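Only one structure is covered here, and it is reproduced in the block below.
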Ligand code: AVI
């Protein structure tokens, strides 16, 4: 199937397919690995296997994020649905398995459509098909795209009162603050004066809780991190030896973020197509940042993107927050 087209799949949903092609992946990999400080963009963590491994992370005891956000949703979903109002079209950025969305959709008054946007195509199609079957009245239009770049959104249906971008899971934390601001500003443009952004934001908390969450005992986060090298071996012509890299995750207090790295075990050379990349012993590839916010910091970030919080929900421990942002008056 070619890129950038609307394709019928063997069920009632139609996929808008703008998944980045292998050429785009190759360019990003080579750019990141030939830089002075080696990096890979976190979105590359989400191929089919990576998306499943992320779902497994959400089930680990140590990863408090998903469980806490779901508990807030369960407690406050009726108020959230009231804020979003009737005939709201929901656009979800980074939809994954859409577990929390299901809860929201069940409580929304006559939703005017659901548009899940995700880069992991297999999981997106599967989830969209299941939701479409479970909510037969709802128009579900999945879009496979990198939502950090330009992509096509289906037109707002005539019966929609407003569009709301839903961004759960603290996906926003995986962007450096200037990029997060750009994303929020773009979201504000998409949803306009009448719309809004419902967004999950992970909060600052003690270092030991954070570091445990990204170093689970079962080794699922390590497998998730290392999978990006396996993906590069599979999709590009590369020869990473996965036994010679180790997962590292720690809280960087200065920048208020958890960092994930892959650390080279010994000096080594890796080939990617015609390019050879040399690693020193202990040198790392930085694969992900997960920024943690104090509530007032996130408020300031949203404010600089022209948005203000109409309502904020948190859990009793103040581990996580969900903000309903609207255009600043
Ligand atoms: C998707 N994102 C918000 C997760 C996070 O916590 O930053 C990704 C993740 N990386 C390791 N564990 C979970």
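Below is a table of values for the structure above.
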quantity	calculated
Per-region count, the stretch 203-249, residues closer than 28 Å to residue 95 by Cβ and in a loop (DSSP other than H, G, I, E, B)	8
Considering residues of the stretch 246-261 that are within 21 Å of residue 30 (Cα to Cα) and touching a helix residue (DSSP H, G or I) at 6+ places or on another chain (Cβ under 6 Å) only, the residue surrounded by the most Cβ atoms within 10 Å (Cβ to Cβ)	260
Residues being exposed (fewer than 14 other Cβ atoms within 10 Å of the Cβ) and in a helix (DSSP H, G or I) - total across the stretch 9-41	5
Residue check for residue 284: over 18 Å from the mean Cα position of the chain (by Cα), surrounded by 17 or more Cβ atoms within 10 Å (Cβ to Cβ) and assigned by TED's automatic domain parsing to the domain that holds residue 306	no
Output for the stretch 203-229, where each listed residue is closer than 21 Å to residue 168 by Cβ, away from the ligand (no atom under 12 Å from the Cβ) and in contact with a strand residue (DSSP E or B) (Cβ under 7 Å, 6 or more places away or on another chain)	203, 204
Answer from 20, 12, 42 - the residue that is under 19 Å from the mean Cα position of the chain (by Cα) and modelled with pLDDT under 95	20
Condition check for residue 246: within 12 Å of the ligand (Cβ to nearest atom), modelled with pLDDT of 95 or more and more than 20 Å from residue 55 (Cα to Cα)	no
Breaking point among (1) within 24 Å of the chain's Cα centre (by Cα); (2) more than 16 Å from the ligand (Cβ to nearest atom); (3) in the same structural domain as residue 170 (by TED's automatic domain parsing); (4) in contact (Cβ under 8 Å) with a residue 24 or more places away in the chain, for residue 253	(3)
Matching residues, the stretch 42-84, being part of a loop (DSSP other than H, G, I, E, B) and within 12 Å of the ligand (Cβ to nearest atom)	46, 60, 62, 63
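The values are calculated or read from the model by the stated rules, or taken from the named source; none is laboratory data. Note that the structure is predicted; figures quoted are calculated from it, not measured. Positions of Cβ are backbone-derived with ideal geometry, glycine not excepted, and every protein chain shown enters the neighbour counts.
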